[in-house]
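Beneath this line is the structure, given in structure tokens, with notes to follow.
The values are calculated or read from the model by the stated rules, or taken from the named source; none is laboratory data. Computed from a prediction, not measured in an experiment: that's the story for all the values here. Neighbour counts run over all protein chains shown; Cβ positions are idealised from the backbone, glycine included.
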């Protein structure tokens, strides 16, 4: 059973990495440039991501489902809170610039770009639904705790920026439509679905482009980077799996959350490191190396989740 699950999931992860390889090749050939990658990122953040949220929540209202939303959001908060506590206890460095990057890289996974496509392929609409809830909570925590911790300045916290975050706006609008029993007409729902489907190819091409500038040597020769990647790729997702599995929770929720937690380090790590003068080279190395390692770790961890939580 485990081997069958591993082969199935590895094939889906391989599809994502082939798309990443295309992005890498396009970057090397100059087809995708720095300017183009930034614009593609804007399209994903401001157009595709909100459409993913809207599409995921276009389902028939029920109080049971509403309860699942609140439960999933609460569990996501608990997971990220536990991750913060874990890094405070285990990830240390005398160099503040390094420590901030190392800790951030463990807490925040690439749960939007890498996880949502895999959740969709493996779990269908339910995977996208629960994955979207995790991403919404991730965005709130990232742009509050993550922002303040990386910058070291509470003044960086902006309620306006948080409220205007496209991922959060998309979820708020999606939940309002869901609670109000509003089903979008086909001529609106159909383009939203088409745009949501771009959430697989576009992010993978962007990740591939950024790998063209990655320096893997630092991550693979730095013991603390190894520790951070081990926590990010193995320890946290396994802890989430074995913490959630015994409670009879929705199987698709458990697996979707394991996928979200098994994703490599978020690209936001580098964005924040550059903005707040932290160790940018280390952040790029960890993002790139964890992404490369995840081609092995994600199938292993997610296959175990399927074995522990059989249909």
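Could you please let me know if residue 253 is farther than 30 Å from residue 100 by Cα and under 16 Å from the mean Cα position of the chain (by Cα)? Steps first, please.
Working: farther than 30 Å from residue 100 by Cα: yes; under 16 Å from the mean Cα position of the chain (by Cα): yes.
Yes, satisfied.
Given the residues 173, 198, 162, which is the only one that is surrounded by 16 or more Cβ atoms within 10 Å (Cβ to Cβ) and more than 15 Å from the chain's Cα centre (by Cα)?
Checking each option against the conditions leaves just 198.
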ask   = If a residue has to be assigned to a loop (DSSP other than H, G, I, E, B) and crowded, with 24+ Cβ neighbours inside 10 Å to count, how many in segment 260-273 make the cut?
value = 3
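Would you say residue 108 is surrounded by 15 or more Cβ atoms within 10 Å (Cβ to Cβ) and either modelled with pLDDT under 90 or more than 23 Å from residue 145 (Cβ to Cβ) (or both)?
Working: surrounded by 15 or more Cβ atoms within 10 Å (Cβ to Cβ): yes; either modelled with pLDDT under 90 or more than 23 Å from residue 145 (Cβ to Cβ) (or both): no.
Criteria not met by residue 108.
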request  = Among the residues of segment 178-192, write down those that are surrounded by 16 or more Cβ atoms within 10 Å (Cβ to Cβ) and more than 16 Å from residue 70 (Cα to Cα).
outcome  = 192
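State whether one or more residues within segment 208-229 are closer than 20 Å to residue 140 by Cα and in contact with a helix residue (DSSP H, G or I) (Cβ under 6 Å, 6 or more places away or on another chain).
no
For (1) more than 27 Å from residue 145 (Cβ to Cβ); (2) surrounded by fewer than 22 Cβ atoms within 10 Å (Cβ to Cβ); (3) at pLDDT 90 or above, each residue gets a yes or a no:
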| residue | (1), (2), (3) |
| --- | --- |
| 246 | yes, yes, yes |
| 258 | no, no, yes |
| 275 | no, yes, no |
| 280 | no, yes, no |
| 284 | no, no, no |
| 294 | no, no, yes |
| 298 | no, no, yes |
| 305 | no, no, yes |
| 311 | yes, yes, no |
key: Filter result for residue 105 (touching a strand residue (DSSP E or B) at 6+ places or on another chain (Cβ under 8 Å) and under 29 Å from residue 219 (Cα atoms))   = yes
query = Does segment 209-227 include one or more residues that are part of a loop (DSSP other than H, G, I, E, B), under 16 Å from residue 294 (Cα atoms), modelled with pLDDT of 90 or more and under 20 Å from the mean Cα position of the chain (by Cα)?
reply = no
query = Taking the condition surrounded by fewer than 17 Cβ atoms within 10 Å (Cβ to Cβ) and more than 24 Å from residue 299 (Cα to Cα), does residue 125 pass?
reply = no
request  = Go through (1) farther than 14 Å from residue 203 by Cβ; (2) out of contact with any helix residue (DSSP H, G or I) (no Cβ under 6 Å at 6 or more places or on another chain); (3) surrounded by fewer than 17 Cβ atoms within 10 Å (Cβ to Cβ) and name the single condition residue 38 misses.
outcome  = (1)
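Can you confirm whether residue 233 is in a helix (DSSP H, G or I), surrounded by 23 or more Cβ atoms within 10 Å (Cβ to Cβ) and at pLDDT below 90?
Working: in a helix (DSSP H, G or I): yes; surrounded by 23 or more Cβ atoms within 10 Å (Cβ to Cβ): yes; at pLDDT below 90: no.
So residue 233 does not fit the description; no.
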ask   = Considering only segment 55-98, how many residues are closer than 24 Å to residue 271 by Cβ, part of a loop (DSSP other than H, G, I, E, B) and more than 23 Å from the chain's Cα centre (by Cα)?
value = 3
key: Residue match in segment 171-190 (condition: touching a residue at least 60 places away in the same chain (Cβ under 8 Å), closer than 30 Å to residue 282 by Cα and in a loop (DSSP other than H, G, I, E, B))   = no
